[in-house]
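One structure below.
Every number in this text was worked out from the coordinates using simple rules, so none of it is lab data. All values reported here derive from a predicted model rather than from experimental measurement. Because the Cβ atoms are built from the backbone with ideal geometry, glycine has one as well, and the counts that use them run over all protein chains shown.
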């Protein structure tokens with residue numbers, strides 16, 4: 001039994017444990033393990049705190065994103081309604097402009113027609129007076145002819161104009 005190597009390993013192990021106990025290695029190991037456990041616990045607490053902060057930042061970002069999307073939708077809706085309003089106003093102004101231009105053109109055409117009719121009547125009256133003057137001057141002679149001619153010309157001018 002004393003010659004077996006396992007026996008000597010067991011005796012050496014027991015002696016080593018007694019020496020470790022005497023030197024306080026077990027206490028130091030326990031203190032080191034306690035410090036390590038505290039450090040790990042602090043890191044876990046830190047990680048939990050960081051996770052909570054990240055969750056708050058994410059929630060804040062989501063809220064801002066939703067607000068920005070709502071604002072963008074409102075801006076787009078306002079822009080569409082403004083564009084429709086401007087288009088409607090432009091169409092109304094264009095229709096009014098065309099109506100005024102058409103009315104002005106019709107007035108000018110009517111004025112030109114009236115002027116043309118007056119010019120044609122004046123030319124016809126002048127031609128009739130010339131013709132009557134020529135006919136009467138060839139057929140009637142003397143003072144009576146001059147009086148009749150003047151009277152006839154006056155009557156023709158009054159009736160034609």
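Brief remarks follow.
- Residue that is surrounded by the fewest Cβ atoms within 10 Å (Cβ to Cβ), among those in region 1-29 that are in contact with a helix residue (DSSP H, G or I) (Cβ under 7 Å, 6 or more places away or on another chain) and assigned to a helix (DSSP H, G or I): 26
- Only listed residue being over 30 Å from residue 148 (Cα atoms), part of a helix (DSSP H, G or I) and over 57 Å from the mean Cα position of the chain (by Cα), chosen from 32, 110: 32
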